[in-house]
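What follows is a single structure, written as structure tokens, with notes after it.
The values are calculated or read from the model by the stated rules, or taken from the named source; none is laboratory data. Keep in mind the model is a prediction, meaning the values are calculated, not measured. FYI the Cβ positions are ideal-geometry reconstructions off the backbone, even for glycines, and counts take in every protein chain you see.
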Amino acid sequence: MTQEFRGYVQVYTGDGKGKTTAALGLSLRALGAGFRVAFVQFLKKGEYSEIRALRRFEPQVEIYQFHAGGFVKGRPDEAVRRAVAEGWQKARALILNGRYQLVVLDEINLVLSMGLLPLEEVLAVLRDRPSPVEVVLTGRGAPEALLEVADLVTEMRKLKHYYDRGVPARIGIEK
């Protein structure tokens, strides 16, 4: 007897390394099972190693990046706000159309913590998504209301990191 797939809401948050990496690992597992995956990145842009790797699975995976330039520090400008709004409209459509078994919203927790998207709107989409859609939300600062509605919450906690010794992000490991 085959059981119908039911999707859950997963949140990966905290100040430690590994939130996006965990979402990528889950994406790889889902792709291996024949699932369709949508990987949406907020506040990131570029052909990082993980994006080049995911592209090998196209068209089974679709990748979208929404950012207006360099990393956001301080108060986001209007271009960043527009890119986030455009990204959210795309992500919302990807979740609600039911075509994907896994939708990853990379760095959306940071977007929410910065007040760039209305939390209630995101929660409504999570609540209204088709049953077989699993959604993963990554990034620091996940709002408490999101943690409450999530089915799985993992907090990555930094105990020690070589960044603190001045080691920059390395190709193949952090980028």
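Return the total of residues in the range 1-20 being farther than 24 Å from residue 145 by Cα and either of a type in the set (Asp, Glu) or modelled with pLDDT of 95 or more (or both).
1
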Boolean, residue 107 is within 22 Å of residue 14 (Cα to Cα) and surrounded by fewer than 18 Cβ atoms within 10 Å (Cβ to Cβ): no
3 or more residues under 19 Å from residue 173 (Cβ atoms): qualifying helices (runs of 4 or more DSSP H) within the range 1-115: 19-32, 49-55
Test: residue in the range 130-140 that is buried (at least 18 other Cβ atoms within 10 Å of the Cβ), touching a Ser or Thr at 6+ places or on another chain (Cβ under 7 Å) and not in a strand (DSSP E or B): yes
Residue selected from the range 10-38 under the condition basic (Lys, Arg) and touching a residue at least 12 places away in the same chain (Cβ under 8 Å), by the criterion farthest from residue 93 (Cα to Cα): 17
